Number of protein chains: 2
Amino acid sequence: MKKILFTLLVLCCTGATEAEDGYRLWLRYDQVADSRLLQQYRTSFSSIDFTTSTPILLSAFRELTTGLEGLLGKPIPRVENGHPLPAPGCLVAGTPSSSATIRSMLLEKEIHLEKELSPLGEDGFLIRSITTGGRKETVIAANTDRGVLYGVFHFLRLLQTQQSLQGLSITSIPAMTYRVLDHWDNLNRTVERGYAGFSIWNWFTLPQYMDRRYTDYARANASIGINGTVLNNVNASALMLTRDYLVKAAALADLFRTYGIRVYLSVKFSAPIEIGGLKTADPLDPAVQDWWRKKADEICQLIPDFGGFLVKANSEGQPGPQNYGRSHADGANLLADALAPHKCIVIWRAFVYSNETPEDRAKQAYNEFKPLDGKFRDNVLVQVKNGPIDFQPREPFHPLFGAMPATPLMMEFQLTQEYLGFSTHLVFLAPLFKECLDADTYTKGKGSPVSGTIKGMAGVANIGNDRNWCGHPFAQANWYAFGRLAWGAASSARNASPASAQAASLSSADIAEEWIRQTFTNHPAAIATIKKMMLASREITVDYMTPLGLHHIMGYSHHYGPAPWYDKAARADWNPVYFHKADTAGIGFDRTSTGSNALEQYAPGAHTQWATLKDCPDAWLLWWHHVPWKYRMHSGRSLWDELCYKYYTGVDSVRWMQSAWKSVKGSIDEERWEQVKMLLSMQQHEATWWRNACLLYFQTFSRLPLPAGAERPDHTLDYYEKLNFYYAPGTATTGLESRNH
Amino acid sequence: MKKILFTLLVLCCTGATEAEDGYRLWLRYDQVADSRLLQQYRTSFSSIDFTTSTPILLSAFRELTTGLEGLLGKPIPRVENGHPLPAPGCLVAGTPSSSATIRSMLLEKEIHLEKELSPLGEDGFLIRSITTGGRKETVIAANTDRGVLYGVFHFLRLLQTQQSLQGLSITSIPAMTYRVLDHWDNLNRTVERGYAGFSIWNWFTLPQYMDRRYTDYARANASIGINGTVLNNVNASALMLTRDYLVKAAALADLFRTYGIRVYLSVKFSAPIEIGGLKTADPLDPAVQDWWRKKADEICQLIPDFGGFLVKANSEGQPGPQNYGRSHADGANLLADALAPHKCIVIWRAFVYSNETPEDRAKQAYNEFKPLDGKFRDNVLVQVKNGPIDFQPREPFHPLFGAMPATPLMMEFQLTQEYLGFSTHLVFLAPLFKECLDADTYTKGKGSPVSGTIKGMAGVANIGNDRNWCGHPFAQANWYAFGRLAWGAASSARNASPASAQAASLSSADIAEEWIRQTFTNHPAAIATIKKMMLASREITVDYMTPLGLHHIMGYSHHYGPAPWYDKAARADWNPVYFHKADTAGIGFDRTSTGSNALEQYAPGAHTQWATLKDCPDAWLLWWHHVPWKYRMHSGRSLWDELCYKYYTGVDSVRWMQSAWKSVKGSIDEERWEQVKMLLSMQQHEATWWRNACLLYFQTFSRLPLPAGAERPDHTLDYYEKLNFYYAPGTATTGLESRNH
């Protein structure tokens, strides 16, 4: 009988027709498989003491119940404020104002208000095992409802990753105030640089129809501490600010508010003309100022906790204050003044460069913004991409970090893999993020990491309406890693001291392991293998795409695949040849004092590492130097041989990933295993394409042979140059051209 | 212990975090909830005798195992050809060539080859309860593997709809040879008239990455007998025929073949110029003929079971044979000759009309095609839309049905709700399909239904990459109904006689009930309520959109919402005012002998029903007649009052649907219940908009008051006329304009 029931149970749990489709992300809450641990968890948690007096607390309670009942495979009764008196093993969650039980703990000095709660601030939480009257209990406490929500998700993460829950003493405080996703989603549901289907926002059916996906999106974000979302593309349509669309945004804001997430909007600087009927958008024009003030009032009436505006101005064809001879500060302050009464912020992007300026594109943002330091209103943040070019597989950190001490900065990372193989390449980005966050700017002397120069982090979302959200099952890990790094507090540490600015304190390995355990499996051997793949993947991609400091040699416009030969773009600084500068003498962009001297934009301590050909690390060599083909590298190989070595190693490493993945078959579900297998095969194919195309092209300059015995390219250079991609995804614009009559 | 295990079981089965997202369509296979029936089924089926010697049989076996194990909640062991000797209650499936057990049944005369198997043809099947050697067994037998697959799906349908499985004696043979879905999907993944997200074909990742959705798409289609799919939009991109895309199509064909589905492609008539480098596409040019012949050879080498071409030519701007002074027959025969050696067909669309022709648009296709009857090659089918205009909520059947006796015709229905509220209105289309299929053409005397004049049915798909495939949970029912009607054999009949041309033999109510039981619930009260809603829904939509024979008064181009006032289209025959012809005298299109005399295109028996104002049924009145506002209707009301009555009834009926839906809360899963509730609220809102906008507009001609006491419009006509829809979905073109550089 027992056996039959067990069989039934297994069958039901497997769910004959429910395939593992990836929709559940890292919030799967399947029953704990380790029976010893399951027993331990079950005894530890017999009930939940939770008063749900606000929408956020209700979200937290629902998540806790769903999660705990799923993981423990049993119903967990609820008590409120100690009534009815719970059996031992009660989980208490709340704030001093929501929970009488927590208030009594404060009275009994089981928690100390000043010492333990105060430092938590608005978003922090503590999780504590306590013994009260001989009864073991677990407490999740915070100053705010949002803190409780974050604590609940963290607690569930501990169970999902199979941590022991005895003697817990966790304090967690986010390092960044702003932890925001930027969606480059257009109103017609195309997504610029989106590779996971189309926009999750169905503007047409909003506000009446609220897709279940919106709730799950909010849950996923809250689970990793993300507290803001910019709904629309920075190449913004002015229509976003019309009443029709604001009402739709407000419906999302109403929902997201219950998960502690504020809505922001990208705005088009010329909106006063396009939808306001004004003749100008000049920031110093009183009618323009009035228009923005009224628009801000209207928005904040619909969305009381509105976050603010994100602006791309005078950049890649977008209008901006410079159209009227005004500065970026004038433009940002115009919007800041309109938003100030509502406590909203302006996030002004520093991604500007001009084809007319005869200056290294890498230098232009610094040149433009550095002089404006101190000229922005208090509620303006300047958002700077991690590197000075554009989300390349590897770039040095942007010279603006640390260079604008009087201006709060936001970091802009790109989660969507515009230059990293779209959604078909497995590339775990945490090491890329960490490389930047941990880099020493030397702007306040040695030990001034980038992470200490920023007040927030924005991630350009890799989310679409694909069933599994991000296209590649492993792309979910980049969303996860971004949130965890923006929060930054150590999750595995038992006694973490209150974090101050330790955005980079979680290691890439920690994050990968957390994610694997929640998303795939707690099986130790599989974790080890998958983690190894993830941690190596970014360097592998650099190797087969842009080794040794090469950058921006992807296909024109769509950025798919290699096109180092491309020189037909309307603007010189969109051409791959601009960036690699290969000639018969050598290859690389001289940005030292003999060249563009982009180096001078960095603090002395920082630029000494790159300044000389001799000392410059291989990884950055061709970013900073134009290097002769036969130059002897640290490895002893010539530059040409080293370049070949890197490209060949990259491809070989993808093959290694393929075989590593084969070894985890059976440890994870068949469906996602099969998906990743197919994707790795595409990645291998494309890595080979990258290697062959780039080496054949660069060989026309080096005139040196490929390494003896190495796999030969299977096509001629001409073949690669003639490949055509009509519908590479992610290149759609704001969609105004498909506007209906 | 038992109780605890049961609780666990329930928890597991519910799946704490697995919401009912609609992805599983009507193939859910959840365990039978009725315990008595479950017991009965379990005793009846102890094992499966199935030899899987071919890919199609393997698909059938997998489905049978998955389905049966899900429904019965127990593993079902497999035997092959009677070894090991199965316990009583064996399910035997196969063909005489695949299964030794079936061969022995033929020998033992338990099945008779000539009498029972032969009439099944290529796609039919039988399901029979037999007793052999005192042992009760169930047999699914067919002449072909495809027949077995269809039989398996039918058998699973019986279980899912909780039929008794004792004494089964089912014979089922499809009425139509071609049962095809037409996807209007573009290569950039937009879908023309698609309202459920974007294309399910991810051309970019094909052929290497095979989305799981492709398999589930094939399963769903095979389950309702669909045996063909046209992958791309009839407004075709010539790129579809390039090698790159053919390889992608071939990957889909390889998969679909294992579910008995053939792939077809829409082709652009000018492809020889656009991708072939020729100077002409003239069908009589030998180079053009040669190009198509080679192209057909290339395709059929990649796709050995290729279905053929679908062509929209000289229609709405598409190129065609008339560009060269040739006829539609010349064009179709060109392609037919190229395809003939490969046994493929050409489906040539009759949807043609010209703005230059000073003739009622409703008459033009007939005028163009009728004279060509007999001039097409044998492997050409002419595809005719159900009505002479364009997929309106109600149209009379197309006059070409029965008018081209020497040419095989395909019916083209539209599943996607271009003119029926997109994917936000609940409209069950089976009654619309049936109204057309059952209509008497009188072309061979009384009793010549449309269904007898066609050899196949095409449905313009309503499928997208939304999680639930079709956007509206109830839109799935239209996909289902289309397949079931194209198959046509009675599913519930125990002793159905071999069907000949009974495409219309399943009633709308039968189909609705089957679908509800498989998709939502077997709860009798809920079935009754939901069925009532579904069966009423099409007439309700006609009432609030286009009552009394009105048609094509939707918003210009996007067809969203009412715009009876619109008169600005580039072509007169795209303007709503062209179709309703309202003036101070009355309203309606006179298509009798005093007007365009479209009537004359019908056989005398058919047109007498519509010819006189007095006898014409209300439902068709304004299609055929221009009627004075004060004309006394059959109800005794004036035309104006009747029009008001219909519009008001339409809105009231949506409100009735809302309250009916409330009553099924709890009988179905919370998630889909909530979705439909939101959608019904949108439908109610839009129905009211339709009513108000149309009545206010027509009132400017009738100058008569709205009914006393009736709800007043909440806006002025001016307000409705000025509404603007920038991004109504489904209006994207083939996407060539977003072609990358």
>> Looking only at segment A:690-735, count every residue that is within 14 Å of chain B (Cβ to nearest Cβ) and either exposed (fewer than 13 other Cβ atoms within 10 Å of the Cβ) or farther than 24 Å from residue B:206 by Cα (or both) and tell me the total.
In response: 4
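In the set B:354, B:327, which member is at pLDDT below 95 and of a type outside the set (A, V, I, L, M)? Write out each step before concluding.
On the way: B:327 fails: at pLDDT below 95.
The match here is B:354.
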>> Suppose we filter segment B:311-333 for residues that are part of a helix (DSSP H, G or I) and closer than 25 Å to residue B:460 by Cα; how many remain?
In response: 6
> Here are some conditions: (1) at pLDDT below 95; (2) surrounded by 19 or more Cβ atoms within 10 Å (Cβ to Cβ); (3) under 23 Å from residue B:396 (Cα atoms). Residue B:489 meets all but one. Which one does it not meet?
Replying inline: (3)
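Which residues, counting only those in segment A:110-157, are free of Cβ contacts under 8 Å to residues at least 12 places away in the same chain and either under 28 Å from residue A:527 (Cβ atoms) or of a type in the set (S, T, N, Q) (or both)? Break it down stepwise before answering.
Restricting attention to segment A:110-157, the residues satisfying the condition of being free of Cβ contacts under 8 Å to residues at least 12 places away in the same chain are A:112, A:114-115, A:131, A:133-134.
Once the filter is applied, which keeps residues that are free of Cβ contacts under 8 Å to residues at least 12 places away in the same chain and either under 28 Å from residue A:527 (Cβ atoms) or of a type in the set (S, T, N, Q) (or both), segment A:110-157 yields only A:131.
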> Within segment B:559-579, which residues are farther than 18 Å from residue B:699 by Cβ, away from chain A (no Cβ under 12 Å) and either surrounded by 21 or more Cβ atoms within 10 Å (Cβ to Cβ) or in contact with a strand residue (DSSP E or B) (Cβ under 8 Å, 6 or more places away or on another chain) (or both)?
Replying inline: B:579
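In segment B:201-227, how many are among the hydrophobic types (A, V, I, L, M, F, W, C), in contact (Cβ under 8 Å) with a residue 40 or more places away in the chain and either within 13 Å of chain A (Cβ to nearest Cβ) or touching a strand residue (DSSP E or B) at 6+ places or on another chain (Cβ under 6 Å) (or both)?
Filtering segment B:201-227 down to residues among the hydrophobic types (A, V, I, L, M, F, W, C) leaves B:201, B:203-204, B:206, B:210, B:218, B:220, B:222, B:224, B:226.
The next check asks that each one be in contact (Cβ under 8 Å) with a residue 40 or more places away in the chain; those that pass are B:201, B:203, B:206, B:210, B:218, B:220, B:222, B:224, B:226.
Imposing the further condition that a residue be either within 13 Å of chain A (Cβ to nearest Cβ) or touching a strand residue (DSSP E or B) at 6+ places or on another chain (Cβ under 6 Å) (or both) reduces the set to B:201, B:203, B:206, B:210, B:220, B:226.
Of the residues in that region, 6 qualify.
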> Would you call residue A:110 over 27 Å from residue B:70 (Cβ atoms), acidic (Asp, Glu) and modelled with pLDDT of 95 or more?
Replying inline: no
> Filtering segment A:264-287 down to residues that are surrounded by fewer than 23 Cβ atoms within 10 Å (Cβ to Cβ) and β-branched (Val, Ile, Thr), which residue is farthest from residue A:306 (Cα to Cα)?
Replying inline: A:280
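Does residue B:247 satisfy being in a helix (DSSP H, G or I) and β-branched (Val, Ile, Thr)? Step through it out loud before you land on a result.
Values: in a helix (DSSP H, G or I): yes; β-branched (Val, Ile, Thr): yes.
It is true that residue B:247 is in a helix (DSSP H, G or I) and β-branched (Val, Ile, Thr).
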>> Return the residues of segment A:228-244 that are within 11 Å of another protein chain (Cβ to nearest Cβ) and not aliphatic (A, V, I, L, M); say none if nothing qualifies.
In response: A:237, A:242, A:244
>> Quick check on my filter: what residues within segment B:540-581 are touching a residue at least 60 places away in the same chain (Cβ under 8 Å), in a helix (DSSP H, G or I) and β-branched (Val, Ile, Thr)?
In response: B:540, B:541, B:542
> Among the residues of segment A:86-93, is there at least one that is assigned to a helix (DSSP H, G or I), within 35 Å of the chain's Cα centre (by Cα) and touching a residue at least 40 places away in the same chain (Cβ under 8 Å)?
Replying inline: no
> If residue B:22 passes every condition in (1) out of contact with any strand residue (DSSP E or B) (no Cβ under 6 Å at 6 or more places or on another chain); (2) modelled with pLDDT under 95; (3) more than 19 Å from residue B:154 (Cα to Cα) but one, which one does it miss?
Replying inline: (2)
> What are the residues in segment A:402-453 that are at positive phi and in a loop (DSSP other than H, G, I, E, B), if any?
Replying inline: A:402, A:421, A:422, A:442, A:447
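Does segment A:542-552 contain at least one residue that is under 20 Å from the mean Cα position of the chain (by Cα) and among the charged types (D, E, K, R)? Lay out the reasoning, then the answer.
So in segment A:542-552, the residues under 20 Å from the mean Cα position of the chain (by Cα) come out as A:542.
After this cut, where a residue has to be among the charged types (D, E, K, R) as well, the list is none.
No.
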> Taking only pairs six or more apart or across chains, which ones have beta-carbon atoms under 6 Å, a first residue in segment A:412-427 that is within 14 Å of another protein chain (Cβ to nearest Cβ), and a second residue that is among the polar types (S, T, N, Q) and surrounded by 24 or more Cβ atoms within 10 Å (Cβ to Cβ)?
Replying inline: A:425/A:683; A:426/A:537
> All but one of (1) within 13 Å of another protein chain (Cβ to nearest Cβ); (2) in contact with a Pro (Cβ under 7 Å, 6 or more places away or on another chain); (3) under 26 Å from residue B:557 (Cβ atoms) hold for residue B:679; which doesn't?
Replying inline: (2)
>> residue B:577 - would you say it is aliphatic (A, V, I, L, M), at pLDDT 95 or above and under 29 Å from the mean Cα position of the chain (by Cα)?
In response: no
>> Could you tell me how many of the residues in segment B:107-132 are surrounded by fewer than 15 Cβ atoms within 10 Å (Cβ to Cβ) and either among the aliphatic types (A, V, I, L, M) or in a strand (DSSP E or B) (or both)?
In response: 3
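Quick check: anything in segment B:504-522 closer than 23 Å to residue B:28 by Cβ, within 14 Å of chain A (Cβ to nearest Cβ), buried (at least 21 other Cβ atoms within 10 Å of the Cβ) and hydroxyl-bearing (Ser, Thr, Tyr)? Step through it out loud before you land on a result.
So the first thing to find is which residues in segment B:504-522 are closer than 23 Å to residue B:28 by Cβ, and the list is B:506, B:508-522.
Those still in the list that are within 14 Å of chain A (Cβ to nearest Cβ) too: B:518-519.
Adding the requirement that they be buried (at least 21 other Cβ atoms within 10 Å of the Cβ) leaves B:518-519.
This time we only want the ones that are hydroxyl-bearing (Ser, Thr, Tyr), so: B:519.
Checking segment B:504-522: at least one residue is closer than 23 Å to residue B:28 by Cβ, within 14 Å of chain A (Cβ to nearest Cβ), buried (at least 21 other Cβ atoms within 10 Å of the Cβ) and hydroxyl-bearing (Ser, Thr, Tyr).
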> Has segment A:625-641 got any residue that is buried (at least 17 other Cβ atoms within 10 Å of the Cβ), in a helix (DSSP H, G or I) and within 29 Å of the chain's Cα centre (by Cα)?
Replying inline: no
> Quick one: would you say residue A:236 is touching a Gly at 6+ places or on another chain (Cβ under 7 Å), within 30 Å of residue B:682 (Cα to Cα), modelled with pLDDT of 95 or more and part of a loop (DSSP other than H, G, I, E, B)?
Replying inline: no
> Just one of the numbered conditions (1) away from chain A (no Cβ under 13 Å); (2) out of contact with any Lys or Arg (no Cβ under 6 Å at 6 or more places or on another chain) is not true of residue B:651; which one?
Replying inline: (2)
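Please list, ordered by residue number, the strands (runs of 3 or more DSSP E) wholly in segment B:133-216 having 3 or more residues that are over 23 Å from residue B:24 (Cα atoms). Quick ask: steps written out before the conclusion?
Values: elements: B:135-141, B:169-172, B:178-182.
Strands (runs of 3 or more DSSP E) meeting the threshold: B:135-141, B:169-172.
The values are calculated or read from the model by the stated rules, or taken from the named source; none is laboratory data. Predicted model, so just to flag it, every value in this text is computed and none were measured. Note that each Cβ is placed from the backbone with ideal geometry, even for glycine, and that neighbours are counted across all protein chains shown.
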